[in-house]
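Peer 1: Next up is a structure, given as structure tokens.
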Amino acid sequence: MNYFLWFVKLRFSFLKNSLFKDSNTIKKTLSIALVMVVGQIALTRILYKTVFSNIFIMDEMVNGLLIVFFFVAVTWIYLISFAQSINAFIQNFYKSPDMNYLITIPIPFNHVFLFRFLEHNFNSTKGILFLFFPFLSALGLWANAPFTYFLLIIPYYFLISIIPSVLGVIISMISLRFVPAKVFNTIIPVFTFAINVSFALMFTRAQSISTTYIIRIIEFFEKPWVSNMIPPISGIKLFYSSIVTEWSLLTFLLLLLITFVLVVFAFIISKKWYFEGWMRNQHVIEEVAKKKKVRSNRGSSFKSKSIIVWIETEWKMAIRNHEMLMGSIFMFLFFIFAVFTLTYSNLFSENPIIGVSMLIMIASITNIMAISILFIPAEIKNDKNLWKKRYWLLKIMPVNERKIFNIQCNMFFIPAFIISFLGIIVYSLVSGLSIGIMILSTISLFLVLYSSSAVYVCGELVSLTDFFEQYAFFGNLATFLIPLIYGVFSSGIVTLYLAKDFLSQVAFLSSINGLLSLPITIVISVFTVIFTFVVSKLVFEKVWRELQI
Amino acid sequence: MLEVNNLVKNYGKKEAVKNISFKVKPGEIYGFLGHNGAGKTTTIKTCTGLLKPTSGDVKICGYDIVNQPLEAKKNFGYVPENPYLYNKLSGREFLNAISDLYEKKDSMDISDKIESLLEELQMSDDADKLIETYSQGMRRKITLCAALLHDPAVIFLDEPTNGLDASSAKAAKDLFRKVADKGAAVVFTTHVLEIAEKLCDRIGIVYQGEIVAEGTVEELKEKYKESGSTLEDIFLSITDRRERN
């Protein structure tokens, strides 16, 4: 029996049933696909218009810059895929719900490993590509790439990401033979965080790479056998050659060969090690420090105390949720990246308050989301139904909807505020902003972020209603889009107003800017914050009352 | 203590619960028997406020679950059939967190209460392990502890002995009897007719969303004596007759 074909058939049936089972499902699939395609095209256009179309360089420099961009893209693909496969290893390879079944049926363990690996790589590609595709497409538009380049982005991405993924998986498999899962789970988030921060640092320094080095890199690329043997460089060359239409069959074949060899190596070692690791990880028992027996002191302060106690309990769970830490770090990367870029680039050295306002906007969009990821138990991330069931306990408790709203809001807001505050203070201190401005920034951050937390928790709850349960994709989209729109209107508009001079070249933004004055900007911003908070609170409370589990 | 009047719950066009009414008095154990999909869980979920009734009302200690949810919720405990628990907490942390959400000022010291429940359900040794390492039975036991923590007046148990080993099931049954004897009204669903026969003071047999027979075991045996002498015979006879009609 060909196990691989069996697995492909199984996945195909699964996909067929979930995407094309009946006319309603087909309609749903097609409408989601349409939204995704339109969204990707729109993101590509926005990136092209706002970033790439403003890069004016001489024709002979285009190829050099293309290599730099692809270098950044491929490095990121490598880092993300590598870190993701290490981080998700225990969850995807050992604790996946179908493992108990797969292990008991007569399939060799290394085949089970291969199934898991393919599934993992497919899912992580799917998850990350929505960010990469617009970036690589916008780059293609800028460089007048042929149509084949756009068609090849996804297959190339998948191919390039296999090597770092398989390396991550091999390292995890070997590590878990020597290190207990608990230690592994503690080390890995620190490691992935270090990877992400170093990438952010490297990117902020990319502008200072001298042309001498770029020329040397180009020369190195022209040595076919040497460069083709190094997989990341093969990846860069593949993208590059598809833009300049100088097809490099040798690069492609060598990359394919190295990928194949590594996957086969992992396949062979998994025969013994995968099952051993799985066995070891079935009996991981984590003991928690026994809580000291304390006499309960229940008095008049109990009502407000219960909110704090429940938030503390939620934080305790979030801190132990190592499986989701990588996702959280990934979201924080946007903010960390922005802090580093603004601090090192001196971009707004004339008027650093623009930088502060920009950081508040980014914090309001990404930091609440980043924190919220830690509160999603790994076993329910793919199942909204379980997500809803998670609320059963709060729903049957004698806690009113206002209290639930406060709990949910504060458990995201407090850590997100602390992290955002630290980032903004670092930038403010380096930029030499006055204490008065720093206090004003902190108050603004507090208000903007609190409403952002409110709109996020509201969106999360609304996405569990019957309508969004039926159209889960739109629910997920709304939980991302609404905070984004809020960020733009609450603090983005202030940044836009302050950065008037910087944006005079961008026609679209400068035309909006023309309509803004200081009072109008303040009114829009304050109104957005207050309106969002009030509406989110009211909607949350109503949806909570109506929620059926 | 628990009063359910003309309860109807529809899922779209499907009628899951059809005009159900029953009362459970303090100190009484009321068993809900029925086939899979008969409407037992839907009834309990509606009673606990997890589902909204299409019509009818549920009163817990006189409080309406729809109009006075907070007061009603203070007075019951609930153990669902498949409880979703917080995997990243230890059993003890989970119970401590739950206890803080109930505003019970005159209860015995909560730590002592937790300890005694854990001991009674043979969970003391595992209370400091993370819930994610628990077996199904242990999860059920910790949920049971959580439901009984605040000395509720009404206790809803959905298949409470599923997944429990013989000794734990016995401990759980003894506990149900004990809390009922202390004055709580216990409502539970089960497929295991022997448990219902031994434990319940009154039984309601649910068939396709309706209570088709109700009474003490003796009353049911008397009323349906032509069907057989055990609760199993009576249950199968009633449901088969309905099936044929």
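The values are calculated or read from the model by the stated rules, or taken from the named source; none is laboratory data. Computed from a predicted model, the values in this text were never measured in an experiment. Quick reminder, even Gly has a Cβ in these numbers, built from the backbone with ideal geometry, and neighbours come from all protein chains shown.
Peer 1: Which of (1) closer than 27 Å to B:Lys45 by Cβ; (2) part of a helix (DSSP H, G or I); (3) in contact (Cβ under 8 Å) with a residue 40 or more places away in the chain; (4) within 14 Å of chain B (Cβ to nearest Cβ) is the odd one out, the single condition A:Leu325 does not satisfy?
Peer 2: So the condition that A:Leu325 fails would be (1).
Peer 1: Now a separate question. Test B:Ser55 against the criterion of being more than 10 Å from chain A (Cβ to nearest Cβ) and closer than 21 Å to B:Lys178 by Cβ, and give yes or no.
Peer 2: Taking the combined requirement at face value, the residue does not satisfy it.
Peer 1: Right, something else. In the range A:520-549, how many are part of a loop (DSSP other than H, G, I, E, B) and more than 14 Å from chain B (Cβ to nearest Cβ)? Quick ask: steps written out before the conclusion?
Peer 2: Restricting attention to the range A:520-549, the residues satisfying the condition of being part of a loop (DSSP other than H, G, I, E, B) are A:547-549.
Within this subset, residues satisfying the condition of being more than 14 Å from chain B (Cβ to nearest Cβ) are none.
Going through the range A:520-549 one residue at a time, the tally reaches 0.
Peer 1: Say whether the condition of being charged (D, E, K, R) and buried (at least 23 other Cβ atoms within 10 Å of the Cβ) is met by at least one residue in the range B:5-15.
Peer 2: Yes: one or more hits.
Peer 1: Sticking with this one: Given the criterion assigned to a loop (DSSP other than H, G, I, E, B) and either under 16 Å from the mean Cα position of the chain (by Cα) or closer than 25 Å to A:Met317 by Cβ (or both), identify the matching residue among B:Leu50, B:Leu118.
Peer 2: Selected residue: B:Leu50, the only one of B:Leu50, B:Leu118 that is assigned to a loop (DSSP other than H, G, I, E, B) and either under 16 Å from the mean Cα position of the chain (by Cα) or closer than 25 Å to A:Met317 by Cβ (or both).
Peer 1: Still on this model: Being basic (Lys, Arg) and at pLDDT below 75 is the filter; apply it to the range A:164-205 and report the residue that is farthest from A:Leu79 (Cα to Cα).
Peer 2: We begin by selecting, within the range A:164-205, every residue basic (Lys, Arg); these are A:177, A:182, A:205.
Those left that are additionally at pLDDT below 75: A:182, A:205.
On the way: A:Lys182: 23, A:Arg205: 17 Å.
Here the residue is A:Lys182.
Peer 1: Which residues, taken from the range B:68-82, are facing chain A (nearest Cβ under 7 Å) and more than 13 Å from the chain's Cα centre (by Cα)?
Peer 2: Listed by number, the residues that qualify are B:Leu70, B:Lys73, B:Lys74.
Peer 1: What is the number of the single condition among (1) modelled with pLDDT under 85; (2) out of contact with any helix residue (DSSP H, G or I) (no Cβ under 6 Å at 6 or more places or on another chain); (3) part of a helix (DSSP H, G or I); (4) not polar (S, T, N, Q) that A:Pro106 does not meet?
Peer 2: It fails just one condition, (3).
Peer 1: Residue check: is A:Val72 more than 30 Å from A:Phe337 (Cα to Cα), assigned by TED's automatic domain parsing to the domain that holds A:Tyr274 and in a helix (DSSP H, G or I)?
Peer 2: No.
Peer 1: Okay, next question. Give me the pairs: first residue in the range A:390-409 and farther than 13 Å from A:Glu460 by Cβ and more than 8 Å from chain B (Cβ to nearest Cβ), second residue surrounded by fewer than 21 Cβ atoms within 10 Å (Cβ to Cβ) and of a type outside the set (A, V, I, L, M, F, W, C), beta-carbon distance under 6 Å, and six or more apart or on different chains, which are they?
Peer 2: Pairs that qualify, where the first residue is farther than 13 Å from A:Glu460 by Cβ and more than 8 Å from chain B (Cβ to nearest Cβ) and the partner is surrounded by fewer than 21 Cβ atoms within 10 Å (Cβ to Cβ) and of a type outside the set (A, V, I, L, M, F, W, C), are A:Glu401/A:Glu541; A:Glu401/A:Arg545.
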